Every structure is written in C-alpha cells, then in structure tokens.
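Worksheet: one structure, shown below.
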C-alpha cells in the first residue's frame, strides 16, 4: 500500500513537471512568434521606405537580427531545458 502511494506521488510530480515544461515552451514559442512578426513588419516598413523590396536581402537581415537577439537572450538567461533535468 505504501509503495503504491509513493508511486502515485512520483507519477504526479513527474506529470506536474512535464506540464510546467510544456507551459514554458509554449510561452517561449508565443514570444518568439510575436517578435518574428514584429521584425517582419519592421523589414517591410524599411523596404517600403527605401523604395524597393528585395525579399531575399530583407529576409536575410531579418534572420540575422533574430539570431542576434536569441544569442543575447541565451547569454543573459541561461536556463536548463526541463527535459534534460528529467533524465
């Protein structure tokens, strides 16, 4: 009986950690999507202002900005992946 209670508690804790990790991933994905949309809008406005629209160049610049921001975020917020902690 005690072993069963321990197993249930362990399972609930594992499930809660899994749920929390999923919530963190979803929040990160939502924030990344919003930032990407914002960067696309900036690139579009800049292209219109410059009077030309070079899609390949604009997308390349957009990806560079996104990578720079991600690198800065990773440098400032070193966080372990929840899946790695479960192992």
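The values are calculated or read from the model by the stated rules, or taken from the named source; none is laboratory data. Computed from a predicted model, the values in this text were never measured in an experiment. Glycine also receives a Cβ, built like all others from the backbone with ideal geometry; neighbour counts cover every protein chain displayed.
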With respect to residue 14, is the statement that it is modelled with pLDDT of 90 or more, surrounded by 10 or more Cβ atoms within 10 Å (Cβ to Cβ) and within 24 Å of the chain's Cα centre (by Cα) true?
yes
Residue 56 modelled with pLDDT of 90 or more, surrounded by fewer than 10 Cβ atoms within 10 Å (Cβ to Cβ) and in a helix (DSSP H, G or I):
no
Taking first residues from the stretch 34-48 that are farther than 12 Å from residue 69 by Cβ and second residues anywhere that are in a helix (DSSP H, G or I) and modelled with pLDDT under 80, the pairs with Cβ under 6 Å that are 6 or more apart or on different chains are 43/58; 43/62; 47/58
Search result, residues across the stretch 19-39 that are more than 30 Å from residue 63 (Cβ to Cβ) and either within 15 Å of the chain's Cα centre (by Cα) or surrounded by 13 or more Cβ atoms within 10 Å (Cβ to Cβ) (or both)
20
I'm trying to understand the selection: among the residues of the stretch 59-82, which are modelled with pLDDT under 70 and either more than 13 Å from the chain's Cα centre (by Cα) or not in a helix (DSSP H, G or I) (or both)?
75, 76, 77, 78, 79, 80, 81, 82
